[in-house]
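A.B. asks: Below: one structure in structure tokens.
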Amino acid sequence: MRVLLFGATGMIGQGVLRECLLDPDVEIVVALLRGPTGKQHPKLRELVHKDFLDFSPIENQLSGFDACFFCLGVSSAGMSEENYQRITYGFTLAAARVLARLNPGMTFVYVSGAGTDSSERGGSMWARVKGKTENELLRLPFHAAYMFRPGLIVPLHGVQSKTRLYRLLYVLLAPLFPLLKGRFPKYITTTEQIGLAMLKVAKHGWPTRILETSDINDV
């Protein structure tokens, strides 16, 4: 399986990349990035591209993939709806439209979030934008598309958030994670489980197009 990965340097993307590199069914992972990371692995290739609203200059390198794991995202905190939509909706659909055209047999997996508003009419700005993004992705002619809506995500295996505040919170809450996950399995997952679930739905499919945390944990 040939995988294209967006957001490989983020917390979720780091976890997904780890599981892809460990999976014997994955032949190659191409991480599409704005700048090189220097990470080395026989299965990993980094594709550097600056403009995530225009992928036409690298279209000749975006075909021949079986799956795309889209883990790129930003927090809406302190952002205007226009700027948040530009990244969350704009970047995602710019990539997805090209990929759907070049890879009709592709499975596209998008990391959304718990509480996403599929109606696009709710009071929460981020939830509306995520809902609009999901709805548009599900209309594209991929072989299959799945929307992952994780809640609280526990980073494992050395994975870290790029946000300093989140890193601090994870350190403080780390001793409680096993207890919380045992008591609230419908709301808590891990970076490892997200990666494993993405690989499984890409290989074997899943009955529903939208996967909440409990579904992610069951895959």
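The values are calculated or read from the model by the stated rules, or taken from the named source; none is laboratory data. Since this is a predicted model, take the numbers as computed values, not measurements. All Cβ positions, even for glycine, are placed from backbone atoms using ideal geometry, and neighbour counts span all protein chains on display. Note: accessible area is taken over every heavy atom of the protein model, side chains too, but ligands, DNA and RNA are not part of it. Shrake-Rupley method; radii C 1.70, N 1.55, O 1.52, S 1.80 Å.
A.B. asks: If ligands, DNA and RNA are left out, what is the accessible area of Asp215 with a 1.4 Å probe, given in Å² to the nearest 10?
C.D. replies: Probe radius 1.4 Å; accessible area of Asp215 about 40 Å².
A.B. asks: For the pair Asp54 and Arg101, what calculated FRET efficiency results from E = 1/(1 + (r/R0)^6), where r is the Cβ-Cβ distance and R0 = 25 Å, to the nearest 0.05?
C.D. replies: Details: r = 14 Å, r/R0 = 0.58.
FRET efficiency, Arg101 to Asp54: 0.95.
A.B. asks: Would you please give the FRET efficiency between His41 and Glu120, computed as 1/(1 + (r/R0)^6) with r the Cβ-Cβ distance and R0 = 41 Å, to the nearest 0.05?
C.D. replies: Working: r = 39 Å, r/R0 = 0.96.
FRET efficiency, His41 to Glu120: 0.55.
A.B. asks: Kindly report the accessible area of the chain per residue (heavy atoms of protein chains, probe 1.4 Å, no ligands, DNA or RNA), in Å².
C.D. replies: Per-residue accessible area for the chain comes out at 48 Å².
A.B. asks: Further question: If you roll a 1.4 Å probe over the stretch 1-96 with all protein chains in place, what percent of the accessible area is carbon or sulfur? Write out the running numbers ahead of the final one.
C.D. replies: Working: 2100 of 4250 Å².
That share works out to 49 percent.
A.B. asks: Using per-residue counts of other Cβ atoms within 10 Å, averaged over each peptide, order 125-138, 72-85 from highest down. It would help to have the intermediate numbers written out before the result.
C.D. replies: On the way: 125-138: 20.4, 72-85: 14.9.
Descending mean neighbour count gives 125-138, 72-85.
A.B. asks: Hey, rough spin-label estimate for Asn135 and Ser63, points 7 angstrom out along Cα→Cβ, what's it come to in nanometres?
C.D. replies: With each label placed 7 Å out from Cα toward Cβ, I get 3.3 nm.
A.B. asks: May I ask you to order 40-47, 14-21 by the average number of other C-beta atoms within 10 Å around their residues, highest value first?
C.D. replies: Answer by packing, highest mean first, reads 14-21, 40-47.
A.B. asks: Here's a follow-up. If you take the C-alpha gyration tensor of the stretch 67-151, multiply each eigenvalue by 5 and take the square root, what semi-axes do you get, largest first, in whole Å?
C.D. replies: 22, 13, 11
A.B. asks: Got the relative contact order for the chain handy, in percent, Cα pairs under 8 Å and 6 or more residues apart?
C.D. replies: The normalised contact order for the chain reaches 21 percent.
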